[in-house]
Structures are given as C-alpha cells and as structure tokens.
Amino acid sequence: MRESIRAFVALPLPEEAKDALWRFVEKQRSAYPQGKWVSKDHFHLTLAFFPALPSPRVEDIRGILEYLGGAFPSYGVVLEEIGVFPSWQRARVLWIGLDGEGKTVTIRVARALFQKLREARISWDEDKDFVPHVTLARFRSPLALQAAALAGWSPLPVVFREIVLFQSTLTPSGPVYQKLVQVPLKG
C-alpha cells in the first residue's frame, strides 16, 4: 500500500437497486450529455471521504466499521427524491435521496462514524450538512435543471446490509474502486 490513499466509507447498494438506478440514468444521459454519469458498478451512499488517508489508518477504520456493524442492524430505506447540489438553477451534482425514516437512520449511522473518526483523530472531508444521497451525475459547469424533466423515477425500497471502506484510484477512464474493509450490519 502507498503512504496515503484516496478512500471512502460507504453503504453499497444491492445489485437490483443498481440495475434500477442504471435504467433511470440511461434515460437521462441523452438529455444531459454534458454530465459525467456514475457507472452502474459505482452506485453507493458515501458516509465519509478521505482525500489522503494514511495507509496505516486502514486498520483503525476496520475497528470503527466493526464497531458500527455491531451497533447497527441492516435496515431498509426508500430511494425516493431526485435532488441537486447546490441548486436547481446551478446544479453541479444530480442525486437521489432517501425517504424520511431511512434518511434519519442513515444520519445516525453517519454521526456514529463521525464520532468514532474524531475519537481516533482520523480526518476526513467533513460535510457539516451531511445529506444522505446516491450520486447519479456531476456537471463541470453549473447547469439549470428542471425537476419535471427528470421524471420517470419510481421510489425504490433498498436494504443496506453492510458498511465498506473503499479505496478509490483515479485513472484516465474513471475511478477504480477496491473494497479494503467490508463489515456486515448486524447490530
């Protein structure tokens, strides 16, 4: 392993959810060709991003994820709302968010992760207003999007069963993800 790695902790989506998201994305790609659309295999819900995680800290994160896996059972959410960051008039990221209860549970998992990272003095790209979401596309230049134009998404129930530390290696053809630590949610 290198001295530091680009990595993130995420809740991976089951294959059937990735398939449904991909069908939706394929309908949108032609309408917004300027978007960098996430590939089907890369759909996930990021909890914490580490731009330069020191390699020895991977084992510390393993311990944190094992704690979380024991503290939280697998749980269901509904992928339901289409959203953007920062605004519909200047969209840079197109995403799909969670229903109310699923959002609440995911925020609890994220806060527990953040607390353990702070205790271990592991820094991450902290987002003070954590919004649980699955990224669908990114836009280099801000784009005015219409929510109505993105019609066609039907709410989709999903069960999160594990929490994973991924390494993300940037390549000319896009990022390559590798699972470094994989822990079931069984609380």
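The values are calculated or read from the model by the stated rules, or taken from the named source; none is laboratory data. This one's a predicted model, so the numbers in the text were calculated from it and none came from an experiment. Note that each Cβ is placed from the backbone with ideal geometry, even for glycine, and that neighbours are counted across all protein chains shown.
Annotations for the structure displayed:
- Single residue of the range 107-122 satisfying the filter (in contact (Cβ under 8 Å) with a residue 60 or more places away in the chain and assigned to a loop (DSSP other than H, G, I, E, B)) that is surrounded by the most Cβ atoms within 10 Å (Cβ to Cβ): Ile122
- Summed over the range 22-38, the residues that are under 22 Å from Pro12 (Cα atoms) and loosely packed, with under 13 Cβ neighbours inside 10 Å give a count of 3.
- Any hit, the range 42-58, residues being among the basic types (Lys, Arg), part of a helix (DSSP H, G or I) and either within 27 Å of Ala147 (Cβ to Cβ) or within 17 Å of the chain's Cα centre (by Cα) (or both): no
- The single condition among (1) surrounded by 16 or more Cβ atoms within 10 Å (Cβ to Cβ); (2) farther than 22 Å from Pro157 by Cβ; (3) hydrophobic (A, V, I, L, M, F, W, C) that Leu47 does not satisfy is (2).
- Residue identified as part of a strand (DSSP E or B), at pLDDT 95 or above and either surrounded by fewer than 18 Cβ atoms within 10 Å (Cβ to Cβ) or of a type outside the set (D, E, K, R) (or both) among Thr104, Thr135: Thr135
- With respect to the conditions (1) assigned to a loop (DSSP other than H, G, I, E, B); (2) touching a Ser or Thr at 6+ places or on another chain (Cβ under 7 Å); (3) not acidic (Asp, Glu), Ser154 falls short on a single one, namely (2).
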